[in-house]
Amino acid sequence: MRNFNFKNGTEIIFGKDSESQVGTLIKKYTNKILLHYGGGSIKKTGLYDKVIKSLKDSNIEFVELSGVKPNPRVSLVREGIKICRDNNIDFILAVGGGSVIDSSKAIAAGVNYNGDVWDLFIDTPINHKCIQLATILTIPAAGSETSSGCVITNEDGLYKRSTGHPTLRPVFSIMNPELTYTLPKYQTSCGIADMFAHILERYFTNEPNVDLTDRLCEGTMKAIIDNALRLNINPNDYNARAEIMLSGMVAHNGSLDMGRLGDWASHDIEHELSGVYDIAHGAGLAIIFPAWMKFVYKHDINRFAQFANRVFDIDINLNNLEETALKGIKALEDFFTAIELPTRLSHVDIDDSNLEEMSNKLVAHTDHVGNFVQIRAKEALEILKLAL
Ligand code: NZQ
Ligand code: ZN
């Protein structure tokens, strides 16, 4: 097991009607905020009105910035930074999913930075003070509600890049599973694929002696599978929604990382896909992850057989571990199919025309991606071809 530091200071307020506490919670930090949200789902669902009431009840002054798109854009981030500077705002409330939260984090990182915020996604580490943020989560998926990371797309060149800093973890996150009833089936499933992928990225490690975190990963994956299939039958099953919401947070809050080094090549490859084609991140992962697994499984066939056995209850064939490993990959694809996700590029009408461009962009700012197996442009191209 590797040495590690673990600290996650995000306060979680979980459960029914928890959003009505938002004003009181913010009052502990400030009297004035930027209220940041997306394309309007929060207005349709009535959440916006509840938030405004709670803010007014607590006498919190707010300036609004809406319009965050999935795969959030740096241009809106720049707008948010200007609003915060012009209005002396040092606290952001993100109401929405990973895109809104990441846009808020980028604003939080940019307010006290003298250069252009995009630098922080390319070559400038964050070593200045970020302003604080909090969230009301409306889609369990990215795990950004407790993570230190942030992913933004630059429309200029269609680069999707990430940055991170411990102070970008929200000070609190409100998580009411009932707020997720209004999600379209596809978005629910994309979120499930994303949180599942966050665990897989950690699970496929070269670190020996990580039994506890292996088991935590496997248990969380099993809980996700069971409850995702329950939501297939009844999308308004509160307890299944709650399990999925909790899983999405556990998958990415850093606790499953303890003592191990994750891979993250599939995420980096997917970011090229959603950067260029603007598809949902979770859908991209349902396509890329199985292809990556087919490309790398021989690197540690025992770990892949363990995954098949412990997560999908596939009997281990000791005479043919490769067969067991491949059955595990197939079971993962079948799970994604069962929740109506694409598992091939052709399912989302993507052909081979930009595969080389994406493979080259992947390593435009780095030597390689991935830790379990190092991936450069040549290997990425093979993985993308396997995904066709
Ligand atoms: O914009 P609105 O109108 O709110 O609609 C959103 C959006 O269209 C809709 N939605 C959200 N909650 C809803 C709802 N519709 C109805 N009812 C609700 N309760 O869902 C759509 C998708 O929202 P989005 O925020 O884009 O989804 P998600 O949470 O999956 O976030 C994806 C982004 O997170 C990044 C991804 O790359 C992607 O850009 N990630 C961030 C990470 C992090 N910061 O730690 C890690 C992840 O690996 C990921 O890369
Ligand atoms: Zn992800």
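The values are calculated or read from the model by the stated rules, or taken from the named source; none is laboratory data. These numbers were taken from a predicted model, which means no experiment stands behind them. Virtual Cβ from ideal backbone geometry, glycine too; neighbours counted across all protein chains shown.
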Checklist entry - Condition test on L76, is it aliphatic (A, V, I, L, M) and in contact (Cβ under 8 Å) with a residue 40 or more places away in the chain? => result no
Of the residues in the stretch 136-163, those that are within 19 Å of R73 (Cβ to Cβ) and either more than 17 Å from the chain's Cα centre (by Cα) or not in a loop (DSSP other than H, G, I, E, B) (or both) number 15
Of the candidates M245, M249, M258, M221, the one satisfying the condition of being within 16 Å of the chain's Cα centre (by Cα) and either farther than 29 Å from D17 by Cβ or in the same structural domain as K16 (by TED's automatic domain parsing) (or both) is M221
Scanning the stretch 250-271 for residues that are assigned to a helix (DSSP H, G or I) and within 11 Å of ligand 1 (Cβ to nearest atom), the one surrounded by the fewest Cβ atoms within 10 Å (Cβ to Cβ) turns out to be D268
### Query
Is there a residue in the stretch 79-101 that is within 17 Å of P166 (Cβ to Cβ), within 16 Å of ligand 2 (Cβ to nearest atom) and in contact (Cβ under 8 Å) with a residue 12 or more places away in the chain?
yes
Of (1) in a helix (DSSP H, G or I); (2) among the hydrophobic types (A, V, I, L, M, F, W, C); (3) touching a residue at least 60 places away in the same chain (Cβ under 8 Å), I301 fails just (3)
Counting only residues in the stretch 225-260 that are among the hydrophobic types (A, V, I, L, M, F, W, C), without any contact (Cβ under 8 Å) to a residue 60 or more places away in the chain and in contact with a Leu (Cβ under 8 Å, 6 or more places away or on another chain), the one farthest from F172 (Cα to Cα) is identified as A240
Only one of I122, I89 is in contact with a Lys or Arg (Cβ under 8 Å, 6 or more places away or on another chain), modelled with pLDDT under 95 and assigned by TED's automatic domain parsing to the domain that holds S162, namely I122
- State yes or no: is V363 among the β-branched types (V, I, T), within 21 Å of E207 (Cβ to Cβ) and touching a helix residue (DSSP H, G or I) at 6+ places or on another chain (Cβ under 6 Å)? no
Cβ pairs under 7 Å, 6+ apart or interchain, first in the stretch 270-291 and more than 23 Å from F335 (Cβ to Cβ), second assigned to a helix (DSSP H, G or I) and away from ligand 2 (no atom under 11 Å from the Cβ), ordered by first then second residue, are E272/M358; E272/K361; E272/L362; V276/N354; V276/M358
